[in-house]
Amino acid sequence: MTPKSGNTKSHDSWTGDPAQLLRVGAGFRLAEVDPGATPGYAGGRKGAELDLAAGAARLGELQERLFAQSRSDATADSVLLVLQAMDTAGKGGIVRHVIGAVDPQGVALTAFKKPTPEELAHDFLWRVERRLPASGFIGVFDRSHYEDVLIGRVRALAPPEEIERRYGAIADFERRVADAGTRIVKVMLHISADEQKARLMERLDRPDKHWKYNPGDVDERELWPQYMAAYQTVFERTSTLDAPWHVVPADAKWYARLAVQALLLQALEAIDPQWPAATFDVAAERARLAAT
């Protein structure tokens, strides 16, 4: 089930289709992507604020229709947004400013942490499958099963042959998920090392940001080339027709938020959820109510 490309009517300043511009295709090289670019968008920061607000209204309507449709149709589709990035790239901002614009009762958010002993006793996809969105929901994975082939590879948390097996397992898993009616939107927020350094420094400069600072982030920065190589392999092995990757330049937070919103809008517009028909006599119920 391949997400269809569509126009993002709420986004008047898009000059190109973000789903196509940001999609990982044949010959893609992460090293050639400028994290400071804003491909396909000509509105600038001020225009993005207006477009994000307009898109939020459209996103909220489509999400409510999706949720409502699932109340009468147990086979209604769902959407899964997979967010991957280096630290400080803005995953939390996506959750707050994009996902936060819709009714939370129709959202299932999972922030995957270090596996528990119970989770480690199963295959790495066991805990992921348990958190897939139900019919009518937008699921969000703040980090995901891709940690098992990113940090798992860079930090040698599993043998090379096991890491190799996981690429194929992920592709098979996502194919099954898509065939079952979940539209998968996979996003890597691509931040530059310089911008990450500035954001980490801001956390140290501001006491109200100290709680967000993790000394381990500096350790991970020292492995930046290894992580970029691991992401490149992920894209080559797991960007498929069923679940393509999109690499979103993230040095400009406003652009990253707008781009992810546009990708979600396209996924929902492709589903085109409909309000369910009433299961009762509307005229009769109107008369009954008027008489009370």
Quickly run through segment 35-85 and pick out the residues that are open to solvent by 30 Å² or more (accessible area, probe 1.4 Å) and within 30 Å of Glu222 (Cα to Cα).
-> Gly36, Ala37, Thr38, Pro39
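Quick grid of which residues meet (1) basic (Lys, Arg); (2) closer than 21 Å to Leu81 by Cα; (3) modelled with pLDDT of 95 or more:
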site	(1), (2), (3)
Ser10	no, yes, no
Ala19	no, yes, yes
Arg23	yes, yes, yes
Ala31	no, no, yes
Pro35	no, yes, yes
Thr38	no, yes, yes
Asp51	no, yes, yes
Ala54	no, yes, yes
Gly60	no, yes, yes
Scan segment 230-253 residue by residue and report those that are assigned to a loop (DSSP other than H, G, I, E, B), open to solvent by 10 Å² or more (accessible area, probe 1.4 Å) and over 17 Å from Ile184 (Cα atoms).
-> Asp251, Ala252
Are any of the residues in segment 194-213 farther than 24 Å from Gly92 by Cα and surrounded by 11 or more Cβ atoms within 10 Å (Cβ to Cβ)?
-> no
What are the pairs, 6+ residues apart or on separate chains, where a residue within segment 109-125 that is among the polar types (S, T, N, Q) has its Cβ under 6 Å from a residue that is modelled with pLDDT of 95 or more?
-> Thr110/Arg131; Thr110/Phe141
Residue check for Thr88: assigned to a loop (DSSP other than H, G, I, E, B), open to solvent by less than 30 Å² (accessible area, probe 1.4 Å) and of a type in the set (Ser, Thr, Tyr) | yes
Can you spot a residue in segment 182-192 that is at negative phi and open to solvent by 50 Å² or more (accessible area, probe 1.4 Å)?
-> no
Going by the conditions given, is Leu80 in contact with a Pro (Cβ under 9 Å, 6 or more places away or on another chain) and under 18 Å from Val248 (Cα atoms)?
-> yes
Taking segment 96-135 and keeping only residues that are hydrophobic (A, V, I, L, M, F, W, C), more than 24 Å from Ala171 (Cα to Cα), modelled with pLDDT of 95 or more and part of a helix (DSSP H, G or I), one is left with Ile99
Does any residue of segment 254-266 turn out to be open to solvent by 80 Å² or more (accessible area, probe 1.4 Å), more than 27 Å from Phe67 (Cα to Cα) and assigned to a helix (DSSP H, G or I)?
-> no
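The values are calculated or read from the model by the stated rules, or taken from the named source; none is laboratory data. Note that the coordinates shown come from a computational prediction; the quantities given were computed from them, not determined experimentally. Using ideal geometry, Cβ is built from the backbone for each residue, glycine included, and neighbour counts are taken over all protein chains shown. In case anyone asks, the SASA skips ligands and DNA or RNA and just uses the protein heavy atoms, side chains included. Shrake-Rupley method; radii C 1.70, N 1.55, O 1.52, S 1.80 Å.
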